[in-house]
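Notes follow the structure.
Read the figures in this text as sums done on the coordinates, not as results from a lab. Keep in mind that what you see is a predicted model, and the values were worked out from it rather than measured. Cβ placement follows ideal geometry from the backbone for every residue including glycine, while neighbour counts extend to all protein chains displayed.
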Amino acid sequence: MWRQVDALLDTALDATTEYTYNVKAYGAVGDVPLNPTAGQRASATDDTAAIQAAIDAAEAGGGGTVFFPEGGYKVAELVIDSAFVHVLGSSARLYQQAAQANIIRVLDTDDIRIEKISFYGVGGDGETSVTNDCGIRFQSTSGTPAIGDLNRCRVQDCDFHDFRFHGVMASYVDVLGVTNCHGFGIRDGFGHYG
């Protein structure tokens, strides 16, 4: 069954992601060094607005690939709420700006693919009350299961480090594939409810 879902997703995305939106062309700097100290991470450029602008452009264009060249990008929460967005990295690392935030939140949309990116949380104790401390969170804002919410989404070839909740969290999602992903130092790894 998953091969059929993957084939459908690939066909849908390939037909709509011919345009590439390079986050550096929108002003992202990507200056968090590999294995940063706390000071280096704190003093790095906040790339949230630039990356969100690239995502927004892809959504406005009906879909596309939001491309992250090699580098470390410090971000607050990024939001994807339109279909046919492909987030693709090439030795890219996304660093959580502060605890209690997700790096990417996908809201009420279908046909999203996120791949080849490493996600880094700020770490800390895995408190059971923390629910917005994920690498990627797929969420239906209806708060109840609804047929058609968040279909044909996929996370592939990603690593998740030091999150206090989940690497990938899915709430009220119909079809989500998570393949070849790894979690390190996170409370629950990959979660689903609803």
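Once R0 is set to 35 Å, what does the formula 1/(1 + (r/R0)^6) return for the Cβ-Cβ distance between Asp174 and Val29, expressed as a FRET efficiency to the nearest 0.05?
E between Asp174 and Val29, to the nearest 0.05, is 0.45.
What list of ³J(HN,Hα) couplings, whole Hz, do you get for the range 115-120 from phi and the Karplus terms 6.51, -1.76, 1.60, once you set θ to phi - 60° and write x for glycine and proline?
8, 6, 9, 9, 10, 10
Once amide H atoms are placed 1.01 Å from N in the peptide plane, what residues at a sequence separation of 5 or more from Phe160, or on another chain, have their amide H within under 5 Å of its amide H?
Phe119, His182, Gly183, Phe184
Would you please give the residues with an amide H less than 5 Å from that of Ile80, counting only those at least 5 places away or on a separate chain, with H modeled from the backbone geometry?
Here the answer is Arg105, Val106, Leu107, since their amide H atoms fall under 5 Å of that of Ile80.
Once label points are set 7 Å from the Cα along Cα→Cβ at both Ala49 and Lys116, what is their separation, rounded to one decimal in nm?
With each label point 7 Å from Cα toward Cβ, the separation is 3.0 nm.
Rounded to whole Hz and in sequence order, give me ³J(HN,Hα) for the range 151-162 from the Karplus expression 6.51 cos²θ - 1.76 cosθ + 1.60, θ = phi - 60°, writing x for Gly and Pro.
9, 6, 9, 8, 10, 9, 6, 10, 10, 10, 10, 6
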